[in-house]
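Colleague: Mind having a look at this structure? Questions to follow.
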Amino acid sequence: MLIATKLAQVMERIEAACGRANRHSAEVNVIAVTKYVTLPRAQEALNNKLLHLGENRWQDAKEKWEQLPLDPTVMVDKPVWHFIGSLQSNKAKDVVGKFDYIHSLDRESLAAAIERRAEQLDIEVPCFIQVNVSEEATKQGVEVEQLSEFIQTLQQYTHIKPIGLMTMAPFEVEPEHTRAVFRKLRQLRDDIQQQSNGMSTITELSMGMSNDFEIAIEEGATWIRLGTILVGEEEE
Ligand SMILES: *Cc1c(COP(=O)(O)O)cnc(C)c1O
């Protein structure tokens, strides 16, 4: 299916979810997750003005990162790259300077590695702090109880700009449990804002994927990360 067709369907559902939550769809940024698809398919996303592209491994992203846009004379808009996967500290150097946003900052050793590279490049890296809201043993992310301490720790890393919180909900058959996870992430963001008298740079919420983005929007998502439903998988 063409991305244009998928996008029209997704936009309709985004509008409907925004309507239910009294939100404006302009507040919801869409990241097209291209990790499952080929270079031409990622270009097709760009052609449809999906400029925010998400990848979870540098090895898989490399070709797309180097080649897109395929015809720079036609395509004026360059992709904005989001790193959404778990990141080993020794791989931070591959990602920092190439990806515009990192969604998976979840420990101090990684912060230190990002900082080192960002300092060399003299850049500031906007990062989402990944939080383990659902508290599954297998999930990445800072524990909820450790979050404020972790945010304190980040202050020493002057090349990292924490801009929001990110979470992944467990794959649930029961949507109301997913809702509780997203609601909790928003609550954490609101607490951070309140405790800083609105001065904290942590304002964004990266939450919601193909199977749960509508609930995430209803609970306040400002970035949703859509793979399957928006660009599809290779086999389609
Ligand atoms: C793969 C991935 C997505 C997109 O998943 P879909 O269910 O295909 O939409 C979103 N976020 C993260 C962190 C991912 O790894």
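The values are calculated or read from the model by the stated rules, or taken from the named source; none is laboratory data. Remember, it's a predicted structure, so these values are computed and weren't measured experimentally. Please note: Cβ atoms are built from the backbone with ideal geometry, for glycine as well, and neighbour counts cover all protein chains shown. Heads up: the accessible areas ignore ligands, DNA and RNA and are worked out on the full protein's heavy atoms, side chains in. Shrake-Rupley method; radii C 1.70, N 1.55, O 1.52, S 1.80 Å.
Colleague: Can you pull the three principal axis extents for the Cα set of the chain, in Å, largest first?
Modeller: Computed over the Cα atoms, the extents are 45, 45, 32 Å.
Colleague: Another question, then. Given the pairs K78/K139; K49/K93; K98/K161; K6/K139, which are separated by over 21 angstrom at their Cα positions?
Modeller: With Cα atoms farther than 21 Å apart: K78/K139; K49/K93; K6/K139.
Colleague: Filter the GluC sites (Glu not before Pro) in region 121-221 down to the DSSP loop ones having no more than 15 other Cβ atoms within 10 Å, then list what survives. Intermediate values should be presented prior to the final figure.
Modeller: Values: sites: E124, E135, E136, E143, E145, E149, E172, E176, E204, E214, E218, E219; in loops: E124, E135, E136, E172, E219.
Answer by residue number: E124, E135, E136.
Colleague: Heads up, I need the accessible area for K91: 1.4 angstrom probe, whole protein in place, Å², nearest 10.
Modeller: Accessible area of K91: about 90 Å².
Colleague: Solvent-accessible area per residue for region 34-98 at a 1.4 Å probe radius, Å²?
Modeller: On the way: 3310 Å² over 65 residues.
For region 34-98, the solvent-accessible area averages 51 Å² per residue.
Colleague: Give me the 1.4 Å probe accessible area per residue for region 156-236, excluding ligands and nucleic acids, in Å².
Modeller: 46
Colleague: Further question on the same structure: To the nearest 10 square angstrom, how much accessible area does I229 have with a 1.4 angstrom probe?
Modeller: About 40 Å², ignoring ligands and nucleic acids.
Colleague: Using a Förster radius of 35 Å, what is the FRET efficiency between Q152 and E172 based on their Cβ-Cβ separation? Nearest 0.05, please.
Modeller: About 0.65, to the nearest 0.05.
Colleague: Let me ask another. Given 0.36 nm per residue, what is the gain on full extension from L2 to S86 after removing their alpha carbon distance, in nm?
Modeller: On the way: separation 84, 0.36 × 84 = 30.24 nm, distance 2.95 nm.
Contour length minus the Cα-Cα distance gives 27.3 nm.
Colleague: Further question: How large a share of the accessible area of the chain, in percent, is made up of carbon and sulfur atoms when the probe is 1.4 Å and the other protein chains stay in place?
Modeller: The value for the chain is 48 percent carbon and sulfur by accessible area.
Colleague: Taking 0.36 nm per residue of sequence separation and subtracting the Cα-Cα distance, how much length would be gained by fully extending the chain between E12 and E143, in nm to one decimal? Walk me through the intermediate numbers first.
Modeller: Details: separation 131, 0.36 × 131 = 47.16 nm, distance 3.47 nm.
Difference between extended and current length: 43.7 nm.
Colleague: Another one. In terms of solvent-accessible area of protein heavy atoms at a 1.4 angstrom probe, what is the ranking of M11, M1, M166, highest value first?
Modeller: If we order M11, M1, M166 from most to least accessible, we get M1, M11, M166.
Colleague: Using only the alpha carbons, work out the radius of gyration and Dmax of region 152-236 in angstrom.
Modeller: Gyration radius and largest Cα-Cα distance of region 152-236: 15.0, 49 Å.
Colleague: Then there is this: Counting only the heavy atoms of the protein chains, how much of D191 is accessible to a 1.4 Å probe, in Å² to the nearest 10?
Modeller: Only protein atoms counted, so the area is about 50 Å².
Colleague: A further question on this structure: Mind checking the full-extension length gain between E119 and N211? Use 0.36 nm per residue of separation minus the Cα-Cα distance, one decimal, nm.
Modeller: Values: separation 92, 0.36 × 92 = 33.12 nm, distance 3.78 nm.
Answer, rounded to one decimal: 29.3 nm.
Colleague: Do you know the relative contact order of region 1-110, to the nearest whole percent, from alpha carbon pairs under 8 angstrom that are 6+ apart?
Modeller: Computed value for region 1-110: 20 percent relative contact order.
Colleague: Turning to a different aspect of this structure: Taking a spot 7 Å from the Cα of K98 along the direction of its beta carbon, which residues of region 18-36 have an amide N less than 16 Å from it?
Modeller: So the set is 34-36.
Colleague: Classify region 1-117 as rounded, prolate or oblate, taking a ≥ b ≥ c as the square roots of the eigenvalues of its Cα gyration tensor: rounded when a/c is under 1.5, otherwise prolate if a/b is larger than b/c and oblate if not.
Modeller: Oblate, because a/c is 1.5 or more while a/b does not exceed b/c.
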